[in-house]
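Written below as structure tokens is the structure these notes are about.
The values are calculated or read from the model by the stated rules, or taken from the named source; none is laboratory data. All values reported here derive from a predicted model rather than from experimental measurement. Here the Cβ is made from the backbone with ideal geometry for all residues, glycine too, and neighbour counts use every protein chain on show.
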Amino acid sequence: MINMTNFSDRELLHYITCDDADEMADLFAEARQVRQRHYEKDVYFRGLVEFTNYCQNDCLYCGLRRSNTAIGRYRLNREEILDCCRVGDSLGFKTFVLQGGEDPFYTDDMLESIVRAIRVEFPDHAITLSIGERTQESYRRLFSAGANRYLLRHETANEAHYKKMHPPSMSLANRKACLFALKKMGYQTGAGFMTGSPFQTPQCLLEDLRFLQELQPEMVGIGPFIPQSDTPFASYPQGSLNLTLRMVALTRLLLPNSLIPATTALGTIDPQGRELGLMAGANVVMPNLSPQEKRKLYALYDNKICTGDEAAECIRCMRLRITSFGFVPNMGRGDYRK
Ligand code: SF4
């Protein structure tokens with residue numbers, strides 16, 4: 001039995017770097033038990049709407065970075081976003097996740113009107129935003145308009161590492177400040193990071209875990225780094241499945257009540273990656289509700305899966321796979337449980 005309440009730095013580093021199959025199996029089993037204690041065997045479905053692939057930032061690992069001229073850009077208007085939500089609702093989703101690059105085209109007024117329209121039409125659904133760093137005033141307005149949750153991965157909590165992955169215009173301090181502000185405002189807040197990103201060390205991952213403990217986010221997204229061919233990091237190797245699974249499990253043990261997605265990136269590096277993520281303590285999946293013809297353009301990294309199927313088909317497939325691993329698909333809101 002792993003003593004999960006008070007991991008020392010040394011113990012955490014041991015698990016971060018551990019490649020012993022038996023020890024890993026014990027770690028994952030423990031994480032599954034903890035997840036089951038808080039959320040039973042449920043796996044929550046979130047409907048993802050990727051509504052803009054424009055971004056003003058230039059993160060070195062991301063295919064949406066503004067310097068990438070090789071991708072076609074798109075934006076969805078309010079009606080198109082609402083249509084995606086309507087499709088999601090008809091399929092049973094109770095959470096919509098509106099995700100995009102940092103795109104100043106969408107002013108606070110526009111976003112407020114989009115969130116309000118979704119809130120009016122779907123009063124009982126959870127609205128999650130994932131649209132990057134904005135002003136506190138902007139976050140406040142969107143919360144008042146009806147948004148409930150906000151995802152903003154910190155990507156790495158190590159200052160020197162952050163600088164190697166981002167342009168000088170971006171700062172880890174601001175990212176962290178945004179996360180604390182979101183939480184204080186009442187959003188269910190999601191942080192998260194990549195595993196195996198260029199220049200990452202075990203110490204960086206330890207700092208990620210310690211930062212999560214400090215922030216106490218309700219959601220944590222963890223996915224492997226996957227190179228995108230039109231970025232400066234195109235030739236770096238991708239993050240490993242096992243390291244990602246270990247970080248999912250450790251996060252589950254340190255933040256027992258958190259909602260942790262089995263990410264699409266995990267499913268991209270291994271055909272059973274998402275299911276293995278659930279076996280290591282994750283409890284959320286995010287099928288794509290974006291218009292089919294736009295999905296390939298949301299090219300955060302290469303070879304992204306699930307860009308071709310209809311949303312309904314995608315959900316059918318995911319349900320079957322989840323059930324075959326002994327978990328229970330749950331289309332409810334799946335709010336954070338204290
Ligand atoms: S990671 Fe986010 S902020 Fe950075 S370039 Fe990609 S979409 Fe923009």
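Going by the conditions given, is S113 modelled with pLDDT of 95 or more and within 15 Å of the ligand (Cβ to nearest atom)? So S113 fails the test. Here L289 meets the list (1) surrounded by fewer than 20 Cβ atoms within 10 Å (Cβ to Cβ); (2) more than 28 Å from K176 (Cβ to Cβ) almost entirely, failing just condition (1). The helices (runs of 4 or more DSSP H) found entirely in segment 263-327 that carry 3 or more residues being among the hydrophobic types (A, V, I, L, M, F, W, C) are 264-269, 273-279, 311-324. Of all residues in segment 145-202, those satisfying the criterion of being surrounded by 18 or more Cβ atoms within 10 Å (Cβ to Cβ) and hydroxyl-bearing (S, T, Y) are Y150, T156, Y162, Y187, T189, T195, S197. With respect to the stated conditions, E102 is touching an Asp or Glu at 6+ places or on another chain (Cβ under 7 Å), modelled with pLDDT of 95 or more and within 15 Å of the ligand (Cβ to nearest atom).
R175 fulfils the conditions (1) touching a His at 6+ places or on another chain (Cβ under 8 Å); (2) within 14 Å of the ligand (Cβ to nearest atom); (3) more than 25 Å from L205 (Cβ to Cβ) except for a single criterion, (3).
Determine which member of the set Y61, Y54 is in a loop (DSSP other than H, G, I, E, B), closer than 30 Å to G281 by Cβ and within 16 Å of the ligand (Cβ to nearest atom).
Y61
Of all the numbered requirements in (1) out of contact with any Pro (no Cβ under 6 Å at 6 or more places or on another chain); (2) outside any loop (DSSP other than H, G, I, E, B); (3) under 29 Å from R321 (Cβ atoms), N257 misses one, and that requirement is (2). Annotation: E80 fulfils all but one of (1) touching a residue at least 12 places away in the same chain (Cβ under 8 Å); (2) in a loop (DSSP other than H, G, I, E, B); (3) over 23 Å from L259 (Cβ atoms); the unmet one is (2).
If you go through segment 90-108 and pick out every residue that is over 13 Å from S290 (Cα atoms) and out of contact with any His (no Cβ under 7 Å at 6 or more places or on another chain), you end up with 12. Scanning segment 263-311 for residues that are free of Cβ contacts under 8 Å to residues at least 24 places away in the same chain and under 16 Å from the mean Cα position of the chain (by Cα) yields a count of 0.
Checked against (1) in contact with a strand residue (DSSP E or B) (Cβ under 9 Å, 6 or more places away or on another chain); (2) within 10 Å of the ligand (Cβ to nearest atom); (3) over 25 Å from M219 (Cα atoms), N68 passes all but a single condition, namely (1). Every condition in (1) of a type in the set (A, V, I, L, M, F, W, C); (2) within 22 Å of P123 (Cβ to Cβ); (3) in a strand (DSSP E or B); (4) more than 16 Å from the ligand (Cβ to nearest atom) holds for V97 except the one numbered (4). A single entry from E214, E207 fulfils the requirement of being at pLDDT 95 or above and more than 19 Å from C18 (Cβ to Cβ): E214.
Can you tell me which residue is nearest to I269 (Cα to Cα) among those in segment 157-213 that are among the aromatic types (F, W, Y) and not in a loop (DSSP other than H, G, I, E, B)? Outline the logic, then answer.
Quick first cut of segment 157-213, residues among the aromatic types (F, W, Y) only: 162, 180, 187, 193, 199, 211.
So of that shortlist, the ones also not in a loop (DSSP other than H, G, I, E, B) come out as 162, 180, 193, 211.
Working: Y162: 23, F180: 32, F193: 16, F211: 26 Å.
By that ranking, first place goes to F193.
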